[in-house]
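Student: Structure below; questions to follow.
The values are calculated or read from the model by the stated rules, or taken from the named source; none is laboratory data. From a predicted model like this one, the values you see are computed outputs, not experimental measurements. We place every Cβ from the backbone using ideal geometry, glycine too, and count neighbours over all the protein chains shown.
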Amino acid sequence: MPIYMSNTEERPSLFGTNGIRGIPNSDLSVEFSQDIGKAIGSYIKTGEIVIGKDTRISGDMILSAVSAGVMSTGTNVLGLGILPTPALQYFCKRNKKTGIVITASHNPPQFNGIKCIHSDGTEMPRQDEEAIEKVFYDRNFIVADWKSVGKYRTYLGAVDEYVSGVVSMIDSNRIRDKHFRVVVDTGNGAAFRSTPELLIRLGCSVTALNANPDGTFSARHSEPKPENLSSIISLMKTGDFTVGFAHDGDADRAVVLDEHGEFVDGDKTLALITKNVARAGDIVVTPISSSDAIEDVCDEAGAELIRTRVGAPIVSRMMIEKGARVGGEENGGIIYGPHQYCRDGAATVALFLDLMAKTNKTPSELIKSIPQYFLIKKSVELTKPWTEIRKELLGLLKHEKTDLLDGIKIIRDKGWVLIRPSGTEPIVRIYSQSKDSQIALKLGEEFMDMVRSVNSGK
Ligand code: MG
């Protein structure tokens with residue numbers, strides 16, 4: 001059912017964990033986008049809202065529709081052009097302005113999305129999104145008279161301000177002295193200009209792959225997983241580079257490749273960066289799904305680790321509430337509090353280079369310095385509602401040690417398993433973790449079998 005047509009029977013929430021997503025001219029129409037713009041403008045009423053986009057082909061169309069909706073309520077729009085989501089968030093934070101990003105992050109090129117940013121630079125809190133949804137469904141839009149409709153102006157300095165902000169948060173001279181040879185794959189996405197520019201300003205010798213804005217993502221899929229990164233991996237196998245980085249489509253994430261072109265798991269990057277920046281008494285935040293490597297690193301540093309439910313906005317909010325120094329997820333989304341409370345791909349790149357410069361170690365040496373955990377992710381398709389499955393599982397697991405913060409986490413002596421439903425698909429994800437790869441595998445299989453049999457009623 002198209003989102004726009006669904007408002008007569010019920011009022012499903014429009015903003016998912018990462019904003020509204022859909023296929024333009026299909027379930028993400030111009031009319032819908034314009035009404036979302038009207039709803040945002042009617043709710044925010046701050047005089048001016050900033051807007052930006054990633055490189056997707058439909059970006060101009062959706063951005064224009066949302067902007068027209070905002071302006072019809074009498075609110076001005078400030079267009080920042082193509083930029084990484086964290087660059088727009090940085091602008092919002094510094095200028096205390098509400099923002100909108102037209103992006104579908106790592107989704108395939110046919111998708112696009114609308115994501116709202118709070119004036120503190122973090123993802124908009126759920127209660128504000130609900131208020132916007134209420135205005136949308138009630139069609140309670142402000143309609144400005146002809147003299148007071150909003151105006152559109154453009155400002156193209158946000159990317160440079162962002163790059164300068166990232167450079168200023170680390171010891172850039174120490175990095176410059178090292179003359180690192182860096183390869184970065186921006187995947188035709190929003191960081192096509194900003195990350196190469198950042199690396200140049202950090203004195204690196206830069207090889208940039210797919211650093212042209214191409215909304216068809218013709219070079220590779222925009223999710224930075226090993227299977228999508230064959231170009232950068234094979235280039236790095238030549239041995240000519242110190243380190244490699246790859247972004248997702250809107251560059252709020254960055255993954256690391258070591259000097260041999262080996263993909264570094266995101267939870268290891270998070271643990272390493274935490275090890276570099278966390279001091280005794282600091283607070284570190286990560287979801288329940290991250291491996292225990294971060295726990296070991298926090299113990300060693302004397303920092304306190306807080307586990308949250310899964311979702312970057314949840315981690316950000318907890319970090320603000322507790323004044324945390326660093327946090328993030330296992331997928332390459334790292335949040336550095338002193339910079340800004342949101343996932344930031346360029347900040348991840350800079351923090352990793354800072355770590356290399358400070359320790360004088362190669363990426364592979366750094367990885368060896370943290371405890372090795374095996375984190376295996378599997379999924380099972382569901383035909384029954386999760387609430388039923390959960391109830392039955394809890395019955396079967398009554399003698400196990402469990403943590404019910406998000407889904408069901410089963411804690412055993414030599415590892416743990418997390419079973420939780422996906423927020424977007426009818427599947428349940430099963431994460432299993434241990435220091436022993438065989439135990440991690442067996443735990444994953446054991447609980448996959450259990451979920452399957454509960455689901456099929458056998
Ligand atoms: Mg993203």
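Student: Spot the failing condition for Ala357; the list is (1) under 19 Å from Ile273 (Cα atoms); (2) assigned to a strand (DSSP E or B), and only one is missed.
Tutor: Looking at each condition in turn, Ala357 falls short on (2).
Student: Tally the residues that are in contact with a helix residue (DSSP H, G or I) (Cβ under 9 Å, 6 or more places away or on another chain) and of a type in the set (Ser, Thr, Tyr), restricting the search to segment 434-458.
Tutor: 1
Student: When you scan segment 386-408, do you find a residue that is at pLDDT 95 or above and touching a Ser or Thr at 6+ places or on another chain (Cβ under 7 Å), even just one?
Tutor: Yes, segment 386-408 contains a residue that is at pLDDT 95 or above and touching a Ser or Thr at 6+ places or on another chain (Cβ under 7 Å).
Student: Which of the following residues is assigned to a loop (DSSP other than H, G, I, E, B), surrounded by 24 or more Cβ atoms within 10 Å (Cβ to Cβ) and either at negative phi or of a type in the set (A, V, I, L, M, F, W, C) (or both): Arg279, Arg343?
Tutor: Numbers: Arg279 fails: surrounded by 24 or more Cβ atoms within 10 Å (Cβ to Cβ).
Result of the check over Arg279, Arg343: Arg343.
Student: Quick check on this structure: which one of Ile419, Ile411 is in a strand (DSSP E or B) and surrounded by 14 or more Cβ atoms within 10 Å (Cβ to Cβ)?
Tutor: Ile419
Student: In segment 243-269, what count of residues is obtained for those that are within 16 Å of the ligand (Cβ to nearest atom) and farther than 18 Å from Leu209 by Cβ?
Tutor: 3
Residue-by-condition table, conditions (1) closer than 28 Å to Met61 by Cβ; (2) more than 17 Å from the chain's Cα centre (by Cα); (3) among the aliphatic types (A, V, I, L, M):
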site	(1), (2), (3)
Phe217	yes, yes, no
Glu223	yes, no, no
Ile233	no, yes, yes
Met236	no, yes, yes
Asp240	no, yes, no
Phe245	no, no, no
Asp250	yes, no, no
Val255	no, no, yes
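Student: Could you check segment 142-176 and list, in sequence order, the residues that are in contact (Cβ under 8 Å) with a residue 60 or more places away in the chain, more than 29 Å from the chain's Cα centre (by Cα) and exposed (fewer than 11 other Cβ atoms within 10 Å of the Cβ)?
Tutor: Val143, Ser148, Lys151
Residues checked against (1) in contact (Cβ under 8 Å) with a residue 40 or more places away in the chain; (2) among the charged types (D, E, K, R); (3) crowded, with 24+ Cβ neighbours inside 10 Å:
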residue	(1), (2), (3)
Arg11	yes, yes, no
Leu28	yes, no, yes
Ser72	yes, no, no
Ala87	yes, no, yes
Val101	yes, no, yes
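Student: Looking only at segment 381-424, how many residues end up being free of Cβ contacts under 8 Å to residues at least 12 places away in the same chain, of a type in the set (S, T, N, Q) and more than 21 Å from Ile306 (Cβ to Cβ)?
Tutor: Residues meeting the conditions: 1.
Student: Among the residues of segment 206-263 satisfying the criterion of being of a type outside the set (A, V, I, L, M) and part of a helix (DSSP H, G or I), which is farthest from Val101 (Cα to Cα)?
Tutor: Selected residue: Ser234.
Student: Which one is nearest to the ligand (Cβ to nearest atom), of the residues in segment 270-287 that are among the aliphatic types (A, V, I, L, M) and within 16 Å of the chain's Cα centre (by Cα)?
Tutor: Narrowing segment 270-287 to residues among the aliphatic types (A, V, I, L, M): 270-273, 277-278, 280, 283-285.
Those left that are additionally within 16 Å of the chain's Cα centre (by Cα): 270, 285.
Values: Leu270: 16, Val285: 19 Å.
Filtering first and then ranking leaves Leu270.
Student: Then there is this: On the given criteria, is Arg307 away from the ligand (no atom under 16 Å from the Cβ), of a type outside the set (Asp, Glu) and assigned to a helix (DSSP H, G or I)?
Tutor: Answer is no for this residue.
Student: Another question, if that's okay. Are any of the residues in segment 311-318 in a loop (DSSP other than H, G, I, E, B), within 16 Å of the ligand (Cβ to nearest atom) and modelled with pLDDT under 95?
Tutor: Yes - at least one qualifying residue is present in segment 311-318.
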